[in-house]
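One structure is given here, and the rest of the page talks about it.
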Amino acid sequence: MAEKTFLDDQPGEECGIVGIFAPKEDVASMAYFALFALQHRGQEAAGIAVCDGESARVHKDVGMISHVFTPENLRSLRGSYAIGHTRYSTTGSSVLRNVQPFLIETRYGPLAIAHNGNLINTYALRRELLQRGVGLSSSSDSEVITMMLAGAEGATWEERIRKTMPNWRGAYSLVILTREGVFAVRDPWGFRPLSIGRLPSGGHAAASESCALRTIGCEAIREVKPGEVIRLSNTALSVLQAMPPANPLALCTFEHIYFSRPDSIWDGRSVHHVRQRLGEELAREAPAKADVVIPVPDSSIPAAIGYSRESGIPFNDGFIKNRYIGRTFIEPTDSLRKQGVALKFNALDENLRDKRVVMIDDSIVRGNTAGPLVKLLREAGAREVHMRITCPPITHPCFMGVDFGTFDELIAYRMTVEEIRCHVGADSLHFLSLQSMMRAIGRSGGYCNACYTGVYPLEVEPEQAKTGFETAIA
């Protein structure tokens, strides 16, 4: 597993999935480029599985997409349809046995699954499988989904999926590869994004974000509805409403705040425009007497633009980000480690010297990098630093696939806003209110905000740790 080069304060980016049905195309290469567009959602491992209507093959490994795949191993992945996955571990650690897609042989033929999300009843489902004599080779809830489908009854894969879905509680957006084709599946709460589009040369594709579909040339893109099962085909899509949508829905707010690329659509809304409105709401709710507004790159750039536009305070760059240092296979020396955030960010002295600065960031999760960022600004000559955060304080763990799973690691659970301000060394600190955040999104409900409120859309099992099933398999 790659080492983090600094004490990251951002939440883990979940996972990215893609599914393609395109008989006239090199589907493995298409999946590769779609996964590249989703690399921000997971940097720990990647895999692609393909099927030619008879047999299926998979190539997967730990590492970034560019490390895992080569022209040679992509050439061996021939078929008419493919699924792919880029991983950030939420249930199960980042080791090879947990890397997706999972590919097995079943009585119905080959079955491969790639999963974005996290089931909250994995422990019970896993125990049931083991009691039935089903062997498990990983500690991932995604393998549990795979094995349950492999044993499901029904004349078609649509029927097996429909019969099995009610057993899964939690977040799951899936792409499923079989001998008959590729299926896109989304849980009835709609936690995680999943979109589909038509390929210009024929066929269809599905992916976690619309930006990945546009990367491979898709047209007529729409989001998979909560509870839908869609079979990708060469002509019209086969759509099954396998489960009724939950009421209320529970879409993840953090897709707008941080996870999704700004050029994606989430819940019918441009992520970039929502982030600009978050900045505008911040400017109205927490004005500051300042000379310049700067973002913490990259996800906070649209919000900083919105704050600047609403407040009239000029926007400028304050940090330059090294976009290639996020994860590396080379562990930094002790002296480099002590530099912390400086490995990832450098400050632009000429834009900061003797300035009162408003620093816009999307969130403060663990509180590891906010202080060093404030210190960088002061060392660059900033006279004042006013932190503005585009979401409320994160006070509760997420059990639906975001990698902050315990209270103790959340600084806003341990400290008040004033204590956090003192801890990071800012002159002022403000978190956007829940009401203003939802106003920026343009919804009054239908979203999961449990990490801010502690009100979960489903009853959770807090004792289920991310690596809770690691002990049995070394």
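The values are calculated or read from the model by the stated rules, or taken from the named source; none is laboratory data. Just so it is clear, the model here is predicted, and its values are computed rather than measured. Cβ: placed from backbone, ideal geometry, glycine included. Neighbour counts: every protein chain shown.
Annotations for the structure displayed:
- Within segment 394-431, considering residues that are under 23 Å from L251 (Cα atoms), among the β-branched types (V, I, T) and modelled with pLDDT of 95 or more, the one nearest to the chain's Cα centre (by Cα): I394
- Helices (runs of 4 or more DSSP H) (entirely within segment 16-109) containing at least 3 residues that are free of Cβ contacts under 8 Å to residues at least 60 places away in the same chain and within 24 Å of P193 (Cα to Cα): 27-37
- In segment 443-461, residue nearest to S270 (Cα to Cα) [restricted to those that are surrounded by 12 or more Cβ atoms within 10 Å (Cβ to Cβ) and of a type in the set (S, T, N, Q)]: N449
- Exactly one residue out of I113, I104, I65, I83 is modelled with pLDDT under 95 and of a type in the set (A, V, I, L, M): that is I65.
- Residue match in segment 182-191 (condition: in the same structural domain as D52 (by TED's automatic domain parsing) and either without any contact (Cβ under 8 Å) to a residue 40 or more places away in the chain or of a type in the set (V, I, T) (or both)): yes
For (1) hydroxyl-bearing (S, T, Y); (2) in a strand (DSSP E or B); (3) over 25 Å from Y88 (Cα atoms), each residue gets a yes or a no:
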site: R214; (1), (2), (3): no, no, no
site: I221; (1), (2), (3): no, yes, yes
site: P226; (1), (2), (3): no, no, no
site: V229; (1), (2), (3): no, yes, no
site: A236; (1), (2), (3): no, no, yes
site: V239; (1), (2), (3): no, yes, yes
site: M243; (1), (2), (3): no, no, yes
site: L249; (1), (2), (3): no, no, no
site: I257; (1), (2), (3): no, no, no
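- Residue that is surrounded by the fewest Cβ atoms within 10 Å (Cβ to Cβ), among those in segment 159-212 that are of a type in the set (F, W, Y) and in a strand (DSSP E or B): F183
- Of all the criteria given as (1) closer than 22 Å to C51 by Cα; (2) modelled with pLDDT of 95 or more; (3) touching a strand residue (DSSP E or B) at 6+ places or on another chain (Cβ under 6 Å); (4) of a type outside the set (S, T, N, Q), the one not satisfied by P193 is (1).
- Taken over segment 247-271, the criterion of being under 16 Å from I305 (Cα atoms) and small (G, A, S) is satisfied by S270 alone.
- Taking the criterion of being at negative phi and over 21 Å from the mean Cα position of the chain (by Cα), the residues of segment 177-217 that qualify are L177, T178, R179, E180, V182, R198, L199, P200, S201, H204.
- Taking the listed residues E409, E384, the one that is under 25 Å from D291 (Cβ atoms) and among the charged types (D, E, K, R) is E384, with no other qualifying.
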